[in-house]
Every structure is written in C-alpha cells, then in structure tokens.
Amino acid sequence: MKYVSTRGKAPVLDFDDVLLAGLARDGGLYLPESWPVFSAAEIRAMRGLSYAELAARIMRPFVEGCLNDADLARLCAESYGGFTHPAVAPLRQIGHNQWVMELFHGPTLAFKDYALQLVGRLFDHVLKKKNQRVTIVGATSGDTGSAAIEACRDRAAVDIVILHPRGRVSEVQRRQMTTVLSSNVRNLAVDGTFDDCQDLVKALFNDAAFRDEINLSAVNSINWARVMAQIVYYFAAGVALGAPDVPMSFSVPTGNFGNVFAGYAARLMGLPVDRLIVGSNANDILTRFFEGGVMKTEGVVPSLSPSMDIQVSSNFERLMYLALNGDGAAVDRLMGEFRGHGAMVMPQGAWSSMRDVFEAYRFDDEATLAAMRSLKRSTGESLDPHSAIGVAAALKGHSRKDATVVALATAHPAKFPDAVERATGIRPGLPAHMADLFQRAERMDSMANDVDALKSYVRAFAGRTGA
Ligand SMILES: *Cc1c(COP(=O)(O)O)cnc(C)c1O
C-alpha cells in the first residue's frame, strides 16, 4: 500500500515510512492511496475471530509490502494479549437497540491504548529492521502520555521522554506515568502549563540539527497507524451486532477527530455504518462546523472531559481531503485560510457530503453530569464524563430511532473519579491490576520551562547507551 499526503505535495510513501514520519513534509496528513473494501461475504467470515485475529485481518491490506502476515499476527496478539477483558472491546447493552463499547480495558484505562499498544510495537519492529533508534519526545495534559509510555516501555529501539505540567495533571494520571521505571522511559515535570510543555516540544522539533542528531520522533494522534488500529474496533462491534446484514450508527466523544475518523474509514471499507454522531463538550468547534459549515476557533475552556478540550481537531483534515475528492491544493488553501484567520468556510458540496454521514451535539458540564446521573439510574452503570457525552449524543442524535447505535466509552470511570462522584455520589475504584497504584514507587525529573535545559536533558538521555 502507498500513502499520499492530504496536501498533495509530499512524497508518496510506504507504510513503514509513514509510520515513522507522522506528519507529511508538506504539513499534510497521510492517507492510503486507495481503500481496501471487504465484501459482505468477507465481513460475515469475520464472525468468531478473536480481537487480535480480526485486527490482523482488517489491517493487513494497509501494511502489505512492509510487514508479513506472521509478524502482523504476532504483533496483534502481543498488543491485545495484555488487555484485562477477554473480549478486548466488549459491548454492553444499555437500551433496546443501544450499546456501549467499552474501550478502557487496556493498560492505562483509556481508548488510546487500543492504537498505541500496537503502534509502539510497530515502531520497534520497523526500526530494528532498519537498524535505527529513535527518541520520542511528547507533551501531555494527562491521558496520552501514560498510553505512550505504556506502549514504548522496554522497547529496544525506542527511548521516550514525556513532559507534563507540574501539579496540573491528576494524581492517577501522574502515577500512571511516573511508576513506569523502565530504563528507556523518562518523565519530566515542567514548571509551566500544558501549552508551555507543548511549546518546548515544538521547539525541539523545529531545530533541524537537534532533531537529526537525536533522531527525534513522535507518536501523536495524527499518525496514520493510530487511525488504522482504531478501525478494528468498529468492525468488532459491527460484526458482533450483525454486520453486514444489520446497519448501525456510532456515537463518539470527539476531540482531535482521530477516533471518529476511524469510524468513517470503516464505512469506506464496507462496514454498513449509517450515521457517525460526534459528541463535544463546551469546546464545540466541530459541532458548530457540522451545524453551519464554518470551522472557526474560539478559546479553549476547561471542562469535566479534559481530553476533548481542544481548539483545533487535527484529524479533520483527513475527512476534508476525502470530501474534496482528493484535491490536495484545495485542502492546502483552506488550511492556510484557517491558520491565517482562525476560520475556514467549507465548499457547499463538501459540507453537504459530510452531513450525509455526520451529525454533532454539544454537552456542557451540567449536561454531562446529568447524562452520567441518568445512565446510572437507568442501568446502574457509571460512565466517565467523556463516555457520557458519547452516550448522550447517541440518544439525542441517532436519526433512525429503530436502528442500532453504539456509543464508544473512551475512558474508565476510575480515571475521572471526582466527576463520577459528583454526578452519582459513588467514587469508582481502580480495577484490580492497578489497585496498588498509590503504593508504587515513582520516578520523575523536574525542569524549568527552558528549551536549552530540555535539549541537554534529552541529549544526555539519548546518549547514555552510546546510541
Ligand atoms: C483522546 C480522548 C478523546 C478524544 O479522542 P479523539 O480521537 O482526539 O477525537 C475522548 N475521550 C478520551 C477519554 C480521550 O482520552
């Protein structure tokens, strides 16, 4: 499979180069040159496969030429073997035709594990093949850092440094990162905000000499391999609920648009997806876009669902490229407009083709708490605030009331215990495999908000083995 950039000006690459590159050189995002489509018979034949087997079946066409079937099957088995639910992405029924897909049974209790567990292994595999090493440097406001650390710990070809703003992540989030004592992992508590951390990381990537010296890399949410791995659970839910013979809709609590875009990809690949329902919190740039066709940034306000507190949904560019029929020049022009003026107007045809599939709803903190309370009352289940927005959007949207709808639960309630307790009066406990989190030893270093200090730190860490 070959990959093209959404802006049409970067070199066409193979899967392994797309994996390591992340962002395309023209500023665009990579997409497969063509979409593999599974026939109805092929989808029927997926019934009964384990999650890891299904993952290999779905992703095979995307990695063809770079990864053989045996390696792919092994990497999938290793990636999902450690999940704490045997179904990996189990479905729970919450109404007649309404289901919740639990995507929080990975090592850090959020859906990002489903992609990152595989992506960490893919990095290691491809780098060893090329006889290379990388140092991954990233900033986190909470969830992504721990998922990335769990994905990269103990991988021979990868070192990882994660920056977090000191005192501004929850204790569970910090401990999920700092209790990983592997020699290839470092945590840095920075005196500053999340934006300061992100600016420090950007400064490293913008220093071309330093980037090459260290072989700097990232595993951020625009990496194609993360989207690819997320397509799998849409098929898993679909096949379990009767695809290809039963159509269904999915409702997705959305920030960077990576998760819900994977649902769109599943639809392109033959899964009978009726509607894709986007749930947002008060940071509702996507909801406003689907309502009016104009993408316009406003300031970010903190909410109970911090992993969706975003200003710009970077993966949206992928949908744009497809809706504009692969016109990279048009994407480039619109993104330039957006960067320059904080707003862009989608051409009418592209917007209406998006609206054929997508709809979006916003829920502020009060509405989120109300949704958590109401679900607790009707089913006895606690949901975290992100997942509650997914369920609330499913119940509100869902144009065909008789059709099956699946809401994606993106985090375990114990990751956001304060909000859950506020909504339901009950404080959720950590699952058994993490019950001793507060007793585990922590390791982290501290740093001022200073680029040169960060460079010396990363240089010393990357150079410690003479690599
Ligand atoms: C990252 C995250 C989201 C948003 O997912 P996107 O792919 O960025 O749209 C939603 N919920 C949780 C719990 C997350 O960690």
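Any read-out appearing in this document is the output of simple, stated calculations on the displayed coordinates, not a laboratory observation. It should be emphasised that the depicted structure is a prediction, and the values quoted were computed from it without experimental measurement. Every residue, glycine as well, gets a Cβ built from its backbone with ideal geometry; the counts of neighbours run over all protein chains shown.
Ellipticity at 222 nm from helices only: DSSP H runs of n ≥ 4 in the chain, each -39500 (n - 2.57), divided by the residue count, give -13500 deg cm²/dmol. When only alpha carbons of the stretch 237-390 are considered, Rg and Dmax amount to 16.3, 51 Å. Based on the Cβ-Cβ distance of Asp154 and Ser446, what FRET efficiency does E = 1/(1 + (r/R0)^6) give at R0 = 22 Å, to the nearest 0.05? After rounding, the FRET efficiency stands at 0.35. Annotation: extensible slack from Asp69 through Asp196 equals 41.5 nm (criterion: 0.36 nm per residue apart, minus Cα-Cα distance).
Treating each Cα of the stretch 277-353 as an identical point scatterer and summing with the Debye formula, the log10 of I(q)/I(0) at q = 0.14, 0.25 Å⁻¹ comes to -0.45, -1.27.
Please state the charge dipole magnitude for the stretch 60-209, taken about the Cα centre, from unit charges on C-beta atoms (+1 on K and R, -1 on D and E), reported in debye and rounded to the nearest 20.
Numbers: 17 positive and 17 negative charges, 53 e Å.
My answer is approximately 260 debye.
Classify the stretch 83-178 as rounded, prolate or oblate, taking a ≥ b ≥ c as the square roots of the eigenvalues of its Cα gyration tensor: rounded when a/c is under 1.5, otherwise prolate if a/b is larger than b/c and oblate if not. Mind showing how you got there, number by number?
Values: a/c = 3.14, a/b = 1.44, b/c = 2.18.
Verdict is oblate for the stretch 83-178.
Using a cut-off of 27 Å between Cα atoms, the listed pairs Lys376/Lys396; Lys9/Lys455; Lys128/Lys455; Lys112/Lys376; Lys128/Lys415 include Lys9/Lys455; Lys128/Lys415 as exceeding that distance.
Once the chain from Gln311 to Ser352 is taken as fully extended at 0.36 nm per residue, the excess over their C-alpha distance is 12.5 nm. Using a simple spin-label model with pseudo-atoms 7 Å out from Cα toward Cβ, Glu171 and His85 lie 2.8 nm apart. Neighbour counts of other Cβ atoms within 10 Å put Phe123, Phe290, Phe205 in the fewest-to-most order Phe205, Phe290, Phe123. The Cα atoms of the chain cover 61, 51, 49 Å along the three principal axes, with the biggest extent listed first. Shown here is the pair-distance distribution of the stretch 191-318: with all Cα-Cα distances grouped in 5 Å bins from zero up to the longest one, the shares run 2, 10, 15, 17, 17, 15, 11, 7, 4, 2, 0 percent.
Where in the chain are the DSSP H helices whose C-alpha atoms run 24 Å or more along the long axis and whose mean Kyte hydropathy is at least 0.0?
Values: long enough: 112-130 (26 Å, -0.38); 224-240 (25 Å, 1.11).
Helices meeting the span and hydropathy rule in the chain are 224-240.
Basic side chains Lys and Arg get +1 at the Cβ, acidic Asp and Glu get -1 at the Cβ, and with that the dipole of the chain about its Cα centre reaches some 500 debye.
Multiplying the residue separation of Leu437 and Lys130 by 0.36 nm and subtracting their alpha-carbon distance yields 106.8 nm. In terms of surrounding Cβ atoms within a 10 Å radius of their Cβ, Phe83, Phe15 rank from fewest to most as Phe83, Phe15. Taking amide H as placed 1.01 Å from N in the peptide plane, Trp35 has no amide H partner under 5 Å among residues 5 or more places away or on another chain.
Of the residues Val357, Phe104, Ile94, the one whose Cα sits farthest toward the positive end of the charge dipole of the chain, with +1 on the Cβ of Lys and Arg and -1 on the Cβ of Asp and Glu, is Ile94. Going from the residue with the fewest nearby Cβ atoms within 10 Å to the one with the most, Leu127, Leu122 rank Leu127, Leu122.
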